[in-house]
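The structure appears right after this line, and notes come after that.
Read the figures in this text as sums done on the coordinates, not as results from a lab. Since the structure is predicted, the reported quantities are computational estimates derived from the model, not experimental observations. Ideal geometry is used to build each Cβ from the backbone, glycine not excepted, and the neighbour counts take in all protein chains shown.
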């Protein structure tokens, strides 16, 4: 907040041009990085070709959640609910009550903050197969707190029956969608949309709902990460190798139910343990891991890389990721400082 | 008089007789629903008896006349869906489910007791025939929209009924759903609003003014009827009108029912209206006697 306030009304006098916030959905892909276009939309179409009970809904954000791909492929199985998120999720529950498998998309902020009661009582309590698709999770837009769902997992983790998935890349999303459709009960997918980086194909990885996967081994540090921060964790691991620091990376795309067994086995060593998440330090991956560690009586320090417990600034994503510690550079600096 | 005319005359007389019989039968069901509700209220010593008595005619019209269901198979796929979004009206709904043969009458005395299938606030996970978990008000119509869409998409001719209270008209989500139902032309959806003009904190017009209710629903594009919700002939006519224009694709329908809290029991009709009505131990029998006297008085007229 301080940064925004300080610059308000002050003409830019520096030599470097200021970065622009640009579109609402800024890409976090690095220049030249391999990407896939609208992986969620295409995965949903593929799943729907095999499962005729799948239907899609949105609340006036079809184009912004890649749901438009499904709407074009299956117009008769797509329901536009208008900018009415309570109706969106109430109706999704009603569709599920008739035996259909709805995927309902909006931004994460609206799903978590605005429609919580409808998700909780209409889908989670009767354990219906309603799949929530939330765009702009964590810090993936520069539009400020109205659109930045920095506490969505904190809100949703307390909801009984709800499965929470925080995918890293296009591979995760493509493989998660049919598994979410097949799993009983409600799910929440932290959507990455547009041109989504393809990262995990280099690691012999497959997404399994409820499972954490060790992507690489390392002797000095173990990263436990989810979402797009797994991409950053892998990049930071490579950068740290140049400092002679050997880093393991464990990807935990399913936040709930959490694969504590795999994660604790990796944490219960002499290595520095670091969690990395695109979410507030309150109530997300860090606290999920911390709770597992304490419950198991490990007495182990865990260092969080996470967004601060604050309302974040507006601005360009690279600027904000650097400011709030999600950039590779900041991760590397933090690990080196911890290692002394 | 020709044979044809004679036949026509007989048919008309039969229709009149059948119509009277129909009203009589559904009124009898309403009487039994009220009786059940009083018995359940006595077990708890208090509760939403006033609402159950007020809404008993609406519930009887649904369960004894309109709804297609199979008592032995509450999950029957072809059934019409009745969604109670006002969870606290469960006492009245349980009474109607007993009248419909879906819940045994003997089970009603477990209402609100530990481990009962009949909790104070209605939940689908507890009770056969209970389609949704109501209670958080303003949910029912949004779920009804999804159900109506889902049934229509799957080619079902089942209809969806949503029971709302006038208090639920305070909730923005109700109007999101009203817009959505019209946008999607859910002609298989009928909403019924119990307008008892009473909310938790007092009279509706002092809590949050909802009138003009009729004009609101009309402006949202619904086929709108407003009736005396304690007049069985008016109620059945309204349901018939709604049924006549029900279609897979068409206007959704709403029946606005003005009702009286405590209806059928003068002692309670005259009592100061409260959301959660207190009834003394010795008064329950008196309530039942007044109910029966009133019902028999009307039936013999």
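Shape of region A:66-120 from its Cα gyration tensor (a ≥ b ≥ c, root eigenvalues): rounded if a/c is under 1.5, otherwise prolate when a/b > b/c, or oblate?
oblate
Once the mean of 1/r is taken over each pair of separate Cα atoms and inverted, region A:91-184 shows a Kirkwood hydrodynamic radius of 13.8 Å. How far, in degrees from 0 to 90, does helix A:328-339 lean away from the longest principal axis of the Cα atoms of chain A, to the nearest 10? So the inclination is approximately 50 degrees.
For the peptide A:122-128, the mean number of other protein chain Cβ atoms found within 10 angstrom of a residue's Cβ is 3.
In the protein assembly as shown, the calculated helix contribution to ellipticity at 222 nm averages -12000 deg cm²/dmol per residue, counting -39,500 (n - 2.57) for every DSSP H run with n ≥ 4. In whole angstrom, the protein assembly as shown maps to an equivalent ellipsoid with semi-axes of 56, 25, 22, each derived as √(5λ) from the alpha carbon gyration tensor and ordered largest first. When restricted to Cα atoms, region B:18-154 yields an Rg and a Dmax of 14.6, 46 Å, respectively. Which one of B:230, B:241, B:162 has the biggest mean-square fluctuation once chain B is modelled by GNM with Cα springs under 10 Å? Looking only at B:230, B:241, B:162, the largest GNM fluctuation is found for B:241.
Calculated on the Cα set of region A:205-340, radius of gyration then Dmax: 14.1, 42 Å. Comparing A:170, A:183, A:123, which has the greatest mean-square fluctuation in the GNM of chain A with Cα pairs linked when under 10 Å apart? Result: A:183 has the largest fluctuation of those listed. Note that region B:150-245, at 25 °C in a medium of 0.890 mPa s, gets a Stokes-Einstein diffusion coefficient of 168 µm²/s from its Kirkwood radius over C-alpha pairs.
For chain A, give me the percentage of DSSP beta bridges that are antiparallel, rounded to the nearest 5 percent.
20
Of all DSSP bridge pairs formed entirely within region B:107-259, close to 15 percent run antiparallel. Using Cα centres only, tell me the gap between region B:211-237 and region A:253-312 in whole Å. About 56 Å separates the Cα centre of region B:211-237 from the one of region A:253-312.
For region B:3-299, give the share of DSSP beta bridges that are antiparallel, in percent and rounded to the nearest 5; count only bridges with both residues there.
20
In terms of the Cα gyration tensor, with a ≥ b ≥ c the square roots of its eigenvalues, is region B:200-301 rounded because a/c is under 1.5, prolate because a/b exceeds b/c, or oblate? Taking the square roots of the gyration eigenvalues as a ≥ b ≥ c, region B:200-301 is oblate.
Classify region B:3-299 as rounded, prolate or oblate from the Cα gyration tensor: take a ≥ b ≥ c as the square roots of its eigenvalues, call it rounded if a/c is under 1.5, otherwise prolate when a/b beats b/c and oblate if not. Verdict is rounded for region B:3-299.
Of the peptides B:188-194, A:116-122, A:215-221, the ranking by mean beta-carbon count within 10 Å, highest at the top, reads B:188-194, A:116-122, A:215-221. Per residue, the average separation of C-alpha pairs within less than 8 Å and at least 6 apart gives region B:158-301 a relative contact order of 26 percent. The spacing between region B:240-290 and region A:131-178, judged by their C-alpha centroids, is 45 Å. Take chain B, connect every pair of alpha-carbon atoms lying under 10 Å apart with a spring to form a Gaussian network, then pick out the residue of B:126, B:31, B:223 with the largest mean-square fluctuation. Most flexible of the set in this elastic network: B:126. Over region A:283-329, the reciprocal of the mean inverse Cα-Cα separation, the Kirkwood hydrodynamic radius, stands at 12.5 Å.
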